[in-house]
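Heads up, the thing below is written out as structure tokens.
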Amino acid sequence: MSWENNVRKVVPYVAGEQPKNKNVIKLNTNECPYPPAPGVEAVLNHFDYDVLRKYPDPDVADLRTVLAKRYKVPVEQVFVGVGSDDVLAMAFLTFFNSEKPILFPDITYSFYDVWADLYRIPYECQALDEKFEIKKEDYCKENGGIVIANPNAPTGVAAPVSMIEEIIKANQDVVVIVDEAYVDFGGESCVPLVEKYDNLLVVQTFSKSRSMAGMRIGFAIGSKKLIGFLNDAKFSFNSYTMNATSIIAGVASVEDEAYFQEITGKVIATREWTKQELARLGFTFTDSKTNFIFASHKSIPAQEIFDALRENQIFVRHWNKERIGNYLRISIGTDEEMKQVMEFLENFINERK
Ligand SMILES: *Cc1c(COP(=O)(O)O)cnc(C)c1O
């Protein structure tokens, strides 16, 4: 008998690489290429260091209040955490305690099965169709809960909110989590449905559309009851998840709606330009509503393109996985970065012929 028999053994999630070298075009983890709102820099420059001596507000009232106002819900319906990963992990722990399996797509954010394994939650993956779309029927059977990323990652495909609503309607005896990490890039949000369904939890993040991946801020909106249970679990785990600097920086970000609209609009415009270029170069891709494009070349294997890009200091994401092995996930950078990448690809494809 060894102590190792009593270890909770898990196969951890593997995040995209964060290269030390600054001279790379980094399109592998869906960060925003623009800086955070100017107000964020301003509050950090004038940060009162005495704040660090004390514990932060465990209720994170300031940040929850601005989010409640921005998303037009009562403050009791907002939960915040250390990135949406923290919010999602807490939601899995709180809401998925059935013997029945939770359901999520076969191709989706690869943290869902990791949390399920960590918490020993049974799960069953539902195959997306050949267009990487969700089949509603797959989610209309007995289950212990549902989690859907909408728009989905890494495919970029968005399901209509009407379909998500039908799934929620058919599953009112379990909690349905909709992960909206990418909704700000042209997707339609399920937040308005929270009023109608007390079993719906919508999760969003500051990491992509608010350019604050390094700050680690995520949040969830749900019924008062749902958020209450989430708080009970959180306060049984760690009362002070949100540190003082991320709270003030988060507030400053939400307060600048115009900047948020400006940078998400720029990313969308660059994405649409990139789609045209990729099509011209012989790529096919889903109709992404996110800040990345999931693309496959008609004749050159994804692995080969990935290696060539990497050798030239261009980082994108590739998975050696069933169904998606011939795809690259390319985050949307600045216009200048995307121009350089398209030029590189054009030369690479032409030389290879
Ligand atoms: C990026 C991402 C997250 C996590 O983001 P955080 O940085 O933890 O807020 C969650 N879900 C999906 C689908 C993502 O792509």
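Taking a 22 Å limit on the Cα-Cα distance, which of the listed pairs 141/321; 26/298; 20/289; 136/169 fall beyond it?
On the way: 141/321 27 Å; 26/298 24 Å; 20/289 30 Å; 136/169 11 Å.
Violating the 22 Å Cα-Cα cut-off are 141/321; 26/298; 20/289.
Can you tell me the order of 139-149, 58-68 when each peptide is scored by its average per-residue count of other Cβ atoms within 10 angstrom, highest first? Mind showing how you got there, number by number?
Numbers: 139-149: 21.0, 58-68: 18.3.
Packing proxy ranking, top to bottom: 139-149, 58-68.
Is the shape of the range 112-233 rounded, prolate or oblate, going by the alpha carbon gyration tensor and its root eigenvalues a ≥ b ≥ c, with a/c under 1.5 for rounded and a/b larger than b/c for prolate?
On the way: a/c = 1.28, a/b = 1.09, b/c = 1.18.
The shape class here is rounded.
Applying the Karplus parametrisation 6.51 cos²θ - 1.76 cosθ + 1.60 with θ = phi - 60° to the phi angles of the range 60-66, what ³J(HN,Hα) value in whole Hz is obtained for each residue in order, glycine and proline being reported as x?
Calculated HN-Hα couplings, in order: 6, 4, 4, 5, 5, 5, 5 Hz.
Amide H to amide H under 5 Å from residue 60: which residues, 5+ apart in sequence or cross-chain, H placed 1.01 Å off N in plane?
Here nothing satisfies the definition.
In the chain, with Lys and Arg counted as +1 and Asp and Glu as -1 at Cβ, which of these residues, 13, 68, 294, has the Cα nearest the positive end of the dipole, that is, farthest along it?
Towards the positive end, the residue furthest out is 13.
Mind listing the phi-derived Karplus ³J(HN,Hα) values for the range 169-175, rounded to whole Hz, using 6.51, -1.76 and 1.60 with θ = phi - 60°, and x for any glycine or proline?
4, 7, 9, 6, 9, 9, 8
For residue 292, which sequence-distant residues (separation of 5 or more, or a different chain) have an amide H within less than 5 Å of its own amide H, given hydrogens modelled in the peptide plane?
332
Can you tally the net charge around residue 260? Count Lys and Arg as +1, Asp and Glu as -1, for every other residue whose Cβ sits under 10 Å from the Cβ of residue 260. Intermediate values should be presented prior to the final figure.
Working: positive: 70, 210; negative: 184, 255, 256, 257, 262.
Its environment carries a net charge of -3.
Residue-wise, which Karplus ³J(HN,Hα) couplings in Hz belong to the range 31-40, taking 6.51 cos²θ - 1.76 cosθ + 1.60, θ = phi - 60°, and x for glycine or proline?
Taking θ as phi minus 60°, the curve returns 6, 7, x, 9, x, x, 3, x, x, 5 Hz for the range 31-40.
Suppose only helical runs count, i.e. DSSP H with n ≥ 4. What mean residue ellipticity at 222 nm does that imply for the chain under -39500 (n - 2.57) per run, divided by all residues and rounded to the nearest 500 deg cm²/dmol? List each step's numbers first, then the result.
Details: 10 runs with 123 residues, N = 353.
Calculated from helices alone, the mean residue ellipticity at 222 nm is -11000 deg cm²/dmol.
Any idea how far the Cα center of the range 202-272 sits from the one of the range 294-335, in Å?
So the separation of the two Cα centres works out to 29 Å.
At 1.4 Å probe size, with every protein chain present, just tell me what the per residue accessible area of the chain comes to in Å². Can you show the working numbers first?
Details: 16870 Å² over 353 residues.
Spelled out: the 1.4 Å probe surface of the chain, per residue, equals 48 Å².
So which trypsin sites (Lys or Arg not before Pro) in the range 1-31 are both in a DSSP loop and have at most 16 other Cβ atoms within 10 Å of their Cβ? Write out the running numbers ahead of the final one.
On the way: sites: 8, 9, 20, 22, 26; in loops: 8, 9, 20, 22.
Listed in order of number, the matching sites are 8, 9, 20, 22.
Please give the FRET efficiency for residue 266 paired with residue 46, using the beta carbon to beta carbon distance and R0 = 30 Å, rounded to the nearest 0.05. Kindly include the intermediate steps, with their values, before the conclusion.
Working: r = 28 Å, r/R0 = 0.92.
For residue 266 and residue 46, the calculated efficiency is 0.60.
Residues with amide H under 5 Å of residue 133's amide H, sequence separation 5 or more or different chain, H placed in the peptide plane at 1.01 Å from N; which?
none
Please report the carbon-and-sulfur percent of the accessible area for the chain; probe 1.4 Å, protein heavy atoms only, DNA, RNA and ligands left out. Working shown, then result.
Details: 8570 of 16870 Å².
It is 51 percent, rounded to a whole number.
In the Gaussian network model of the chain, springs joining C-alpha atoms below 10 Å, which of 271, 329, 310 carries the largest mean-square fluctuation?
Result: 310 has the largest fluctuation of those listed.
The values are calculated or read from the model by the stated rules, or taken from the named source; none is laboratory data. Quick caveat: nothing in here was measured; it's all calculated off a predicted structure. Counting neighbours? That spans all protein chains shown, and the Cβs are built from the backbone with ideal geometry, glycine included. Note: accessible area is taken over every heavy atom of the protein model, side chains too, but ligands, DNA and RNA are not part of it. Shrake-Rupley method; radii C 1.70, N 1.55, O 1.52, S 1.80 Å.
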